Every structure is written in structure tokens, then in C-alpha cells.
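Structure first, then comments.
Just so it is clear, none of the values below were taken in a lab; they were calculated from the coordinates. Remember, it's a predicted structure, so these values are computed and weren't measured experimentally. A quick note on method: Cβ atoms are made from the backbone with ideal geometry, for glycine too, and the neighbour counts reach across all protein chains shown.
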């Protein structure tokens, strides 16, 4: 892997900055790769725009920000609309289909992170951890063991079971999405021949 760029985007309060830090720690501390993590958010504490970027590489990183993301996570419609065109042509778009209903491409992977969190965990607060599990599974850019170690190292004491379950839900959703994506690509490839 020369350079892999990830942008996590959505609204303030969705835990994307935290998710970016966890993803960077999984890649850098636990997988031993070179990593840079940056973040920005609007002036509002909750509800404003928020994004975290993680650049992962096997060699030193010369520029810390995502220029053309390989993977974009959009947790709301406005971030999908704003950042989709930055994505590499064969990049992966993963959206929270709870809030993103208008997809800019048929190649998008829609997973209802917030709905899954609400239904399976009883709170929306686990959506970011579910998304991390799905991202790790779909992209393979960090190992599942490393993402779990990074999550467990960052969460408050007493929330281990909740977060471990959130991660498991995300990994399962990622596996199901990866199968769907592979089937879709096989179907599309049959028209190219």
C-alpha cells in the first residue's frame, strides 16, 4: 500500500473525530503503518459539519491531508453531496443510509449505521463504532484485531460490552455489504465484455 486516504464526514456530535483518531491508532500503533490524522469541524458543537481524515501508508507520508480519498464515509446527505466529487474514480463511497437517501453513484455502499445502532444497541451513539467495523471489513486497510484494540483503548471504562457489540454489528454489516458490492461488480462486468 503506497498511500490510502480516508475521509469520515457528517455532522458534529456523530463521533467522527473520535472515529478518525481510533482508525489512525489502529493503523499506526497496532498495525505498525505510517499514519496522519487531521480533523475539522464547523463552529457549532453539534449539528454543524464535521470531518476527520486519515492517511495510511507503508512509507513516510509527505502531505497529511486527503487529496483524493480512496474511501469516503458520509454520515449525512450534505457531506455526501459536498465530498463525493473528491473521491478517486474507483474509490469506495460508504454512506449511512439512515440519512443519505440520494446517492450520487450506483457503486455506493449504503449501511444504516444510525438505525442499526438505535435498534440493536438502544442508542444512536454507537453508529460511529458500527461504521468503523464496516470500514475495516470492507477496505481491509486495518486489521479487525487492530480496530478492536484501538476502540477498547479509547472508550470510557464500563462501556466495553456496548462498544464491542457495536463493532461486531459493523463487521457483520461490512461483510454483507462486501458480498453485495462484489455481486454488483460481477453483474456490471458482464456488460463490459
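For the chain, modelled as a GNM whose springs connect Cα atoms under 10 angstrom apart, the maximal fluctuation among 28, 170, 140 occurs at 140. With neighbour counts taken as other beta-carbon atoms within 10 Å, the residues 92, 114, 38, 101 rank, fewest first, as 101, 38, 92, 114.
Between region 144-178 and region 68-134, the alpha-carbon centres lie 17 Å apart. Counting neighbouring Cβ atoms within 10 Å and putting the fewest first, the residues 67, 111 line up as 67, 111. Once you order the gyration tensor axes a ≥ b ≥ c over the Cα atoms, which shape class does region 70-155 get: rounded for a/c under 1.5, otherwise prolate or oblate by comparing a/b with b/c? Note, shape of region 70-155 comes out oblate.
For a quick check, take a GNM of the chain with Cα springs below 10 Å and name the residue from 113, 85, 99 with the largest mean-square fluctuation. Highest fluctuation of the listed residues: 85. Here residue 106 and residue 152 are evaluated by their C-beta separation; at R0 = 45 Å the FRET efficiency comes out at 0.80. Between 31, 62, 81, the residue with the greatest mean-square fluctuation in the GNM of the chain (Cα pairs under 10 Å linked by springs) is 62.
Looking at the chain, the DSSP beta bridges with both ends there are about 60 percent antiparallel.
When only Cα pairs below 8 angstrom with a gap of at least 6 residues are kept, the chain shows a relative contact order of 20 percent.
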